[in-house]
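Engineer: Mind looking over this structure? Questions follow.
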Amino acid sequence: MYDGPVQDLIDELGRLPGIGPKSAQRIAFWLLEQPQADVERLAQVLSTVKANTHLCSICYNVTDSETCRICRDPRRDQGSICVVEESKDVVAIERTREFRGLYHVLGGSISPIDGRGPGDLRIAELVRRLSDPQVSEVILATDPNLEGDATATYISRLLADTPGIRISRLASGLPVGGDLEYADEVTLGRAFSGRRYVDQGV
């Protein structure tokens, strides 16, 4: 235990995902060794990103504008919507350069154990987007784990009778139980290009 502000800093850093007590202590003392100007710049960036970042009004990706750069780009394929769980998944897919359509960020996955059901996700907003006659395909790119599969199954059944909409799911190549965030670009790219169409009669 350290005195006052130092321990407070360690405690706050320890609340970050993936940061244990030892890592929090190491980061705290690293910060103490940095020039005052560098620490103040970091504090300013944290304050600015929290104040100025919000969700895109169309796809719910993080942005500092009303709509994100992908939704604003007229060169994107308006007929395809790729459904992902989190904004970080958009970044992972964009790195593959295999997809040139639009996105829809659900804000998580169906997880009864965490008390998160379909109503807690942006599924209704996705359905509303499908009223656009330009949209012809929905690609389900949820994580290849139990929660992601449950979410993809729920959405595919919900959209099964939507006229003019094909539903596909990312192909094999992604490890079961893994997260898109940690998939390498080649694996994710192959999964994307080899996606399969969901049997809408199920």
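The values are calculated or read from the model by the stated rules, or taken from the named source; none is laboratory data. All values derive from a computational prediction rather than experimental measurement. All Cβ positions, even for glycine, are placed from backbone atoms using ideal geometry, and neighbour counts span all protein chains on display.
Engineer: Is it true that Asp73 is modelled with pLDDT of 95 or more, out of contact with any strand residue (DSSP E or B) (no Cβ under 8 Å at 6 or more places or on another chain), assigned by TED's automatic domain parsing to the domain that holds Ala183 and exposed (fewer than 15 other Cβ atoms within 10 Å of the Cβ)?
Structural biologist: yes
Engineer: Considering every residue within the stretch 31-39, establish whether at least one is exposed (fewer than 13 other Cβ atoms within 10 Å of the Cβ) and farther than 28 Å from Asp64 by Cβ.
Structural biologist: Yes, the stretch 31-39 has at least one match.
Engineer: Cβ contacts < 7 Å: first residue outside the structural domain of Leu42 (by TED's automatic domain parsing) and modelled with pLDDT of 90 or more, restricted to the stretch 1-21; second residue among the β-branched types (Val, Ile, Thr) and exposed (fewer than 15 other Cβ atoms within 10 Å of the Cβ), any location; separation 6+ or different chain. Result?
Structural biologist: Sorted first by the residue in the stretch 1-21, then by its partner, the list stays empty.
Engineer: Residue by residue through the stretch 155-183, note down the ones that are at pLDDT below 75 and either in a loop (DSSP other than H, G, I, E, B) or on the phi > 0 side of the Ramachandran plot (or both).
Structural biologist: Ala171, Gly173, Pro175, Val176, Gly177, Gly178
Engineer: Related question: Among residues belonging to the stretch 32-82 that are over 29 Å from Asp8 (Cβ atoms) and among the hydroxyl-bearing types (Ser, Thr, Tyr), point out the one that is nearest to the chain's Cα centre (by Cα).
Structural biologist: Tyr60
Engineer: Could you give every pair whose Cβ atoms fall below 8 Å, whose first residue belongs to the stretch 47-68 and is free of Cβ contacts under 8 Å to residues at least 12 places away in the same chain and under 20 Å from Val135 (Cβ atoms), and whose second residue is of a type in the set (Phe, Trp, Tyr) and loosely packed, with under 15 Cβ neighbours inside 10 Å, counting only separations of at least 6 or pairs across chains?
Structural biologist: none
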